[in-house]
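First comes the structure, then the notes that go with it.
Just so you know, all these numbers are worked out from the coordinates, no wet-lab data involved. In this text the structure is predicted, and so the values were computed from the model without any measurement. Cβ sites come from the backbone with ideal geometry, for glycine too, and all protein chains shown count toward neighbours.
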Amino acid sequence: MTQANRNTLTSDRLTTVLSYGALILLGYLVFLVVFPFILPLAWSGVLAIFFYPVYEFLRRRYSANWSAGICTLGVTGLLIVPVLLILLYATREAVEASATVREALASGKSVMPHDLAISVLNHLPVSWQQIDFSSYLRQGAEKTAAFMASKVGALLKNVFSFVVNLLILLFALFFVFRDGEKIVRALRHLIPFERQVQDDMLQESRGLIFASVALSLAIAAVQGTLGGIAMAITGLNAPVFLGLLIGFCSIIPVVGSALVWVPAALWLGFSGHWGKALIVAVICGGIAGLADNLLRPLLLRNRTRLNDLLIFISIVGGLDVFGLLGLILGPTIVAAALGVLRVHIEHQEELERLQHEHA
C-alpha cells in the first residue's frame with residue numbers, strides 16, 4: 001500500500017469517526033431537548049399504534065390532515081377524557097374511603113362484620129389470634145389516605161404542567177397519525193435487516209401488540225365496568241375505585257378479579273345481605289366471566305399472543321419503570337421485542353435449512 005493510499009484510508013476513517021461522533025452528539029442534544037416532554041410524546045406514540053387502523057380506514061376516504069384530525073378528536077373524546085375523569089373520581093373515592101376506615105379504627109369501631117371477623121379469626125393459627133390486627137389496619141389506612149391525598153395535592157399543584165403535557169400529547173398525536181408512514185420509514189433504517197425481514201418483524205410485533213395488549217385492556221375494561229356496576233347496585237362505598245381495582249386485578253393470572261369481588265361478596269354476606277352478595281357473584285363471576293370467554297376468541301382470531309403471566313409481569317414492571325404509562329408501554333415493548341425475536345429466529349432457521357439443502 002502506498003503512502004498516498006494510507007493517507008486516504010486514514011482520512012476516510014477519521015471522517016467516519018467524526019461523522020458518527022457528530023451524529024451521536026446531535027442525538028444526545030435532541031434527547032435533552034425532548035426529554036422534558038418524553039411522557040406525552042410516548043403516550044401519543046402508544047395511542048397512535050392502537051388506533052392507526054382507524055386512521056388508515058379514514059385515509060381511504062379523506063385527506064391526511066382530516067383523517068388525523070378526526071382520529072385525534074375521537075381518541076380525546078372517547079378515551080382520554082373519560083379515563084381522566086374516572087381516575088380523578090376513583091382517587092377521590094379512595095381518599096374518602098381510607099379516611100372513613102381510619103376514623104372508624106380510631107374510634108374503636110370494627111370495619112369488618114362481626115361474623116366475618118370471628119370466622120377469619122378462627123381460621124388463623126393460634127399464635128396469630130393474639131395479634132392486634134386493628135393497629136396494622138389503622139396504619140395502613142393512614143398511609144393510604146396520606147398517599148392518595150399527596151397524589152391529589154400534587155395533581156392540583158401541577159395543573160398547569162398537566163394541561164401543557166395534555167396539549168403536547170394531542171398535538172403530537174395528530175402528527176404521529178398524519179406522518180406515521182414517514183416515521184416508520186425512518187425507523188426502518190435503524191433496523192439492521194433486509195426489507196422482507198423488517199416487514200415480517202413489524203407485522204409480527206403489531207399482531208402481538210393487538211392480540212396481547214389490546215385484549216388484556218379490553219377485558220380489564222369490561223370486567224372493571226361490570227364490577228363497578230355491581231358495587232354500585234349493592235350499595236358498597238367507592239364503586240368506581242373498586243371497579244378500577246377489579247379491572248387491574250383481572251390481568252393477574254389464575255385468581256384475577258376474584259381478589260376484589262370475592263372479599264366484597266363475603267363482606268356483604270356476613271353483614272346479612274346475602275342477596276346482594278349473590279348479585280356481586282353473578283355479575284363479577286358469571287357475566288364478567290362470560291364476557292371474557294366471548295371476547296378472547298373474538299379479538300384473537302387465530303393470532304398468537306403473550307401468555308398471561310408474561311403480560312402480568314410486563315405490566316407490573318412497566319408501572320415500576322414508566323409509571324402509569326407502563327400500564328400499556330410495558331407489555332407493548334415486550335410484545336414488540338418478542339415479535340422481532342420470533343421473526344429473527346424463524347429467518348435464521350430458514351437460512352440454516354437452505355444451507356443444509358445446498359450442502
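Starting from the Cα-Cα distance between residue 221 and residue 85, subtract it from 0.36 nm times their residue separation and give me the gain in nm to one decimal. Intermediate results must be reported in sequence, preceding the final value.
Numbers: separation 136, 0.36 × 136 = 48.96 nm, distance 1.47 nm.
Gain in length upon complete extension: 47.5 nm.
Order the peptides 57-67, 217-227, 87-97 from the highest to the lowest mean number of other Cβ atoms within 10 Å of their residues. Mind dumping the intermediate values first?
Details: 57-67: 13.4, 217-227: 20.7, 87-97: 17.5.
Top of the packing list down: 217-227, 87-97, 57-67.
Subtract the Cα-Cα distance of residue 313 and residue 161 from 0.36 nm times their separation in residues, and report this length gain in nm to one decimal. Could the numbers behind the result be given before it?
Details: separation 152, 0.36 × 152 = 54.72 nm, distance 3.07 nm.
Between residue 313 and residue 161, full extension yields an extra 51.7 nm.
Between residue 358 and residue 175, how many nm apart are label points set 7 Å from Cα along the C-beta direction?
The modelled label-to-label distance comes out at 4.6 nm.
Pop a pseudo-label 7 angstrom from the Cα along the beta-carbon direction at both residue 65 and residue 237 and give the gap in nm to one decimal.
Result for the modelled spin labels: 5.4 nm.
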